[in-house]
Each structure stands twice: as structure tokens, then as C-alpha cells.
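This report refers to the structure that appears directly beneath it.
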């Protein structure tokens with residue numbers, strides 16, 4: 001108990017936030033954007049969602065604004081929004097292409113983004129226009145480091 005109290009005091013002294021559940025999860029084979037979206041590429045199709053780190057910072061998601069199937073998305077461009085108890089955030093596409101499927105489950109259960117950001121909480125599936133775009137995204141190690149640096153600034 002004493003060591004936990006000491007760690008807590010040390011953290012506040014150094015202005016380091018203590019995470020309530022360890023560091024956010026990242027998935028090895030996914031690619032990540034600096035706006036905290038992930039993409040899982042499978043051939044010319046890609047599944048997109050927001051990261052565990054993003055949902056953790058947002059808090060409880062209460063609404064997801066989804067695009068229509070057939071909508072064109074561009075790398076770095078906004079295609080929807082996530083509304084939480086704390087804030088509303090744009091969702092940006094990590095890759096360019098055409099939306100071929102949206103996760104309709106999020107209309108009734110937006111909390112899937114909190115509970116399962118990489119599986120049941122996916123947001124859209126895209127037919128990619130340019131598979132080379134994935135090379136400009138971060139891998140899991142780069143993204144983990146990016147999150148640690150970003151959190152250290154706040």
C-alpha cells in the first residue's frame with residue numbers, strides 16, 4: 001500500500017498521469033494515423049475505427065455519426081464524428097477510397113467503440129483507391145510511442 005501511495009505522490013510531483021488500466025492496447029498488424037484512427041488492410045479493402053487510446057480519452061461514447069455507403073473518403077479527411085459524454089470528435093479516414101460498408105450496430109450500441117474498439121466497434125469498411133497510402137501511417141510500435149509522447153505533453 002505504501003509503495004502505491006508513494007507512486008501516486010511521485011506521479012503528481014512529476015506531473016505524470018497514472019493510467020487507470022495500464023497503457024492503451026494497440027494491435028500489431030494494424031496501421032495508425034496521428035489522429036488516432038486505425039486501419040486493418042485486407043487486400044484492397046480496409047476496415048477503419050478509432051483506437052483504444054482515443055476511446056479512453058473520449059470517455060463513454062453516446063453517438064456515432066456514420067457516412068453513407070458509397071461516400072468517397074480521402075486520407076486525413078473527416079467522414080463522421082464520435083460524440084461522448086466529454087466531447088465530440090471528428091473521425092478522419094487513414095486511407096482514401098469508397099465506403100462499402102458501415103457498422104450499423106453503432107446506431108443502437110455506440111458503446112461498442114468503448115468496449116471493443118478493434119473488433120465490434122469498427123466504423124467503416126473502405127474499398128481502397130491507393131494501397132500505397134498505408135506506408136505513410138504508423139505501425140503499432142510507432143503509434144504506442146506517439147501516444148506516450150502526446151500524453152506526456154498534457
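Taken together, the values in this text are just the output of simple stated rules run on the coordinates, not laboratory data. Owing to the predicted nature of the structure, the values given are computational and were not obtained by experimental measurement. Don't worry about glycine lacking a Cβ; one is built from the backbone with ideal geometry, like all the others, and counts go over all protein chains shown.
Brief remarks on what is shown
- Relative packing of 28-36, 87-95, which averages over residues the other C-beta atoms within 10 Å, highest first: 87-95, 28-36
- Maximal additional length on extending the residue 45-residue 104 stretch stands at 19.4 nm, based on 0.36 nm per residue less the C-alpha distance.
- Global size of region 2-153: 16.5, 57 Å for Rg and Dmax (C-alpha atoms, Rg to one decimal, Dmax whole).
- Counting every alpha-carbon pair across region 55-122, the share separated by more than 19 Å comes to 29%.
- Inter-site label distance for residue 119 and residue 60 at 7 Å from Cα along Cβ, in nm: 2.3
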